[in-house]
Amino acid sequence: MSAPSGTVRPVSVASFAQSPNIRRDDQRNEVEGLLPVIAEVFGNIGITKDDVDFICSGSTDYLIGGPFSFVMALDAVGVWPPRAESHVEMDGAFALYEAWTLLQEGEIDAALVYSFGRSSLGDLNEILTLQLDPYYMAPLWPDIVSLSALQARALIDAGKATEADFAEVASRSRRDALANPKAQVAKDVAVDVLLQDPYVVEPLRRHALPPITDGAAAIVLAAGDKATAWSERPVWISGIDHRIETHALGARDLTSSPSTALAAQHAGVADGKVDIAEIHAPFAHQEIILRQAMGLDASVTINPSGGALAANPMMSAGLIRIGEAASRIAAGQADRAVAHATSGPCLQQNLVCVLEGA
Amino acid sequence: MTDSEVLHAEHRLEYPYSRSTGPVIGAFLTALRDGRFVGATGATGQVIVPPTEYDPVTGDDVGELVEVGPGGTIETWAWVSTPLRKHPLQTPFAWALITLDGADTAMLHAVAASGPDDLATGARVVARFKPAAERVGAMSDIESFVLEGGAS
Amino acid sequence: MTDATTAGADVGPVTTLATPISLDFDFTPGVAQSRFLKALATGTFVGQRCPVCTKVYVPSRGTCPTDGVATTEEVVLSNSGTVTTFCVVNVPFAGQSIEIPYICAQILLDGANVSFMGLIQEIPTDQIRMGLRVEAVWVDDADLTPSLASIKYFRPNGETDAPYESYEEYL
């Protein structure tokens, strides 16, 4: 079995599952929503919770408005006898990075990574303000759409993109989402029609925004014998890295993403031909910045799943990018793929993961 | 169980956070209370506004505080036609990243203007402070920025 | 500056910043907890049984936290239970609604496999003990709501104390 050379120890994305992505799931609490996702991610490869050595999750309690909801979520896994477990207040992709790091040490052979979030319970614009610098920015309550619009304007003013480019991204993403049964927003609408959408916060029109989504996702990572036993064609993580930029929005060049570029370099994106890329760009213009940062040219199929414009479950949309990319390799539709996840306002923090089929 | 059988409840989460400012942020907020702006000198001599305690690029401690503003230039802006309930202005306005005169980084605040056609990247703006008696040492001491020479 | 008239003129440099937050939610507790809460509005305790380990959880959040499977079988529980452990609260705190000292106890309802916290009254604080048999006292029918506020408190039900072995697993 050929293993990638870019990492210390080969780790495979052995299984992936996600809930339906919907605007409002008020029928189930977090645990009830996660339960079928965890069951599916284990069931895909015929394993149980006893086959994984570590659990890492990504979520934020502000979404539900209740402290320690991430602890309660473990009820969906079943943690008796006591399990080795960890949690990040970030997208599940960053929880996956922690699990991958632990797998590198060689003490464990398999990990469960999951993430969940119901954005529908509260006011997402207000909740996301709490991720900002608490002295200078959060007290003004700037919403994420407005901050993203500042970035979009900067991109236009720098001559790097136009509103029509944003609409192109949105049109293509939601058209591709028609083939994604888990997508929330899937439709075929032409660019010139989209350009008649009203502005939400100028220069962002409605189509350039992600939907508000309730959902959950899970991935099983495997190394050693488990990786080969659980997959006919293991999907290896050949490189993974994440980088952060200053939280001072006004000290960044919002039209580029140096953190993504650096992460892509360390993950080895340019070391081979990229067939597909699943990019976590919640706002349409961000895909343009991220493509450029990762050096992905026109030959790369971008977001065949529809990306975050088709479904944007908070805390899971990044992890889903890794799952979607891995699924396409496992299905033989691609040999080498790039998955990206972001966190924070205006692409503050970025993770890049390169996946390769055996 | 059908939808109507799942219970709903209004739930308000409140935290009365009070934060220590430290010497650098405290100096900036003290200056705001006085109706003026200060920035911090970074490792390469650049002036960081609003100031952080460290150079965001090198991580070094910042140097002396220097007076900046009150005028500045819009770096980028976004027009809000329907303000949200917690926004600083409740009539249509622009968010903007503004580089104050003498500063090398931009700060976020609201710009009051009659419409998006009045605004442009590169436009000159000036801070409009609240009356002195209402200022407490917070970003809200600035009511908004307004176009230089425009309607106040 | 005419600092003599400003709010900050006679105070020192700014050292703290008030940044209160207030967020509003339309909270939904899901299926299992809704059933538990609705049963409270009828003066009844309802739990759910795990199909794997057969333990009964009250309240259930819809899964067995040991096995990680859905708890689907609904179980109506007794109005009586056993005090597994307790404490006597002597310290006043903000928002306290009961006169101190008062008794807080973990109560294992008959038929359940997890205990939950309740207030014990109608017994002097120096007579509270592990193994005490208690029953729920509900608010008046007109005041019953799908909320824990429907339980006024628990009180001794007059039965002989439960033997230690009957609840030692739940401590």
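The values are calculated or read from the model by the stated rules, or taken from the named source; none is laboratory data. Everything quoted here is computed from the prediction, not taken from an experiment. Reconstructed Cβ throughout: ideal geometry from the backbone, glycine too, with neighbour counts over all protein chains shown.
Among the listed residues C:Val14, C:Val56, C:Val31, C:Val69, which satisfies the condition of being within 11 Å of chain A (Cβ to nearest Cβ), within 19 Å of A:Trp80 (Cβ to Cβ) and either buried (at least 17 other Cβ atoms within 10 Å of the Cβ) or small (Gly, Ala, Ser) (or both)? Please lay out each step first, then the result.
Details: C:Val14 fails: within 19 Å of A:Trp80 (Cβ to Cβ); C:Val56 fails: within 11 Å of chain A (Cβ to nearest Cβ); C:Val31 fails: within 19 Å of A:Trp80 (Cβ to Cβ).
The match here is C:Val69.
Tally the residues that are outside any strand (DSSP E or B) and either over 15 Å from B:Val68 (Cβ atoms) or touching a residue at least 40 places away in the same chain (Cβ under 8 Å) (or both), restricting the search to segment B:90-105.
7
Quickly run through segment B:1-31 and pick out the residues that are out of contact with any Pro (no Cβ under 8 Å at 6 or more places or on another chain), assigned to a helix (DSSP H, G or I) and among the hydrophobic types (A, V, I, L, M, F, W, C).
The answer is B:Leu29, B:Ala31.
Is it fair to say B:Leu29 is at the interface with chain A (Cβ under 10 Å from one of its Cβ atoms), over 15 Å from A:Ala248 (Cβ atoms) and touching a residue at least 40 places away in the same chain (Cβ under 8 Å)? Spell out the reasoning first.
Values: at the interface with chain A (Cβ under 10 Å from one of its Cβ atoms): yes; over 15 Å from A:Ala248 (Cβ atoms): yes; touching a residue at least 40 places away in the same chain (Cβ under 8 Å): yes.
Yes; evaluated as a whole, the condition is true for this residue.
Residue check, A:Ser299 against (1) free of Cβ contacts under 8 Å to residues at least 60 places away in the same chain; (2) assigned to a helix (DSSP H, G or I), all met but one. Which one?
Unmet condition: (2).
I'd like to verify a number: residues in segment A:242-258 that are surrounded by fewer than 23 Cβ atoms within 10 Å (Cβ to Cβ), more than 8 Å from chain B (Cβ to nearest Cβ) and of a type in the set (S, T, N, Q), how many?
Count: 2.
Could you go through segment C:127-137 and let me know if any residue there is surrounded by 12 or more Cβ atoms within 10 Å (Cβ to Cβ) and under 30 Å from A:Leu35 (Cα atoms).
Taking every residue of segment C:127-137 in turn, none turns out to be surrounded by 12 or more Cβ atoms within 10 Å (Cβ to Cβ) and under 30 Å from A:Leu35 (Cα atoms).
Identify the single condition in (1) modelled with pLDDT of 95 or more; (2) under 26 Å from C:Thr66 (Cβ atoms); (3) not polar (S, T, N, Q) that A:Pro67 does not satisfy, given that it satisfies every other one.
The number of the failed condition is (1).
List the number of the failed condition for B:Val62; all other conditions in (1) surrounded by 12 or more Cβ atoms within 10 Å (Cβ to Cβ); (2) farther than 24 Å from B:Ala127 by Cβ hold.
(2)
Go through the residues of segment A:81-103 one by one and say whether even a single one is in a loop (DSSP other than H, G, I, E, B), among the β-branched types (Val, Ile, Thr) and surrounded by fewer than 24 Cβ atoms within 10 Å (Cβ to Cβ).
no
Are there any pairs, at least 6 apart or on different chains, whose C-beta atoms fall under 9 Å, with the first in segment A:107-136 and under 25 Å from B:Pro51 (Cβ atoms) and facing chain C (nearest Cβ under 10 Å) and the second charged (D, E, K, R) and crowded, with 20+ Cβ neighbours inside 10 Å, and if so, which?
A:Thr129/A:Asp143
Cβ contacts < 7 Å: first residue without any contact (Cβ under 8 Å) to a residue 40 or more places away in the chain, restricted to segment A:150-169; second residue surrounded by fewer than 20 Cβ atoms within 10 Å (Cβ to Cβ), any location; separation 6+ or different chain. Result?
Filtered contacts from segment A:150-169: A:Asp157/B:Thr121; A:Thr162/A:Ile156; A:Ala164/A:Val191; A:Ala164/A:Leu195; A:Glu168/A:Val191.
Please report, ordered by residue number, the helices (runs of 4 or more DSSP H) entirely within segment A:127-231 with at least 3 residues that are outside the structural domain of A:Arg24 (by TED's automatic domain parsing) and touching a strand residue (DSSP E or B) at 6+ places or on another chain (Cβ under 9 Å).
Correct list: A:144-157, A:163-176.
Suppose we filter C:Val31, C:Val83 for residues that are at pLDDT below 95 and outside any loop (DSSP other than H, G, I, E, B); which single one remains? Break it down into steps so the answer makes sense when it comes.
Working: C:Val83 fails: at pLDDT below 95.
On inspection, the qualifying residue turns out to be C:Val31.
Say whether the condition of being part of a helix (DSSP H, G or I) and either small (Gly, Ala, Ser) or more than 10 Å from chain A (Cβ to nearest Cβ) (or both) is met by at least one residue in segment B:32-44.
yes
Would you say C:Ser150 is within 15 Å of the chain's Cα centre (by Cα) and among the polar types (S, T, N, Q)?
yes
Which members of segment B:111-152 meet the condition of being facing chain C (nearest Cβ under 10 Å) and farther than 23 Å from A:Asp133 by Cα?
Matches in segment B:111-152: B:Pro131, B:Ala132, B:Ala133, B:Glu134.
Look through B:Leu100, B:Leu84 and report the one residue that is modelled with pLDDT of 95 or more and more than 9 Å from chain A (Cβ to nearest Cβ).
Only one candidate qualifies: B:Leu100.
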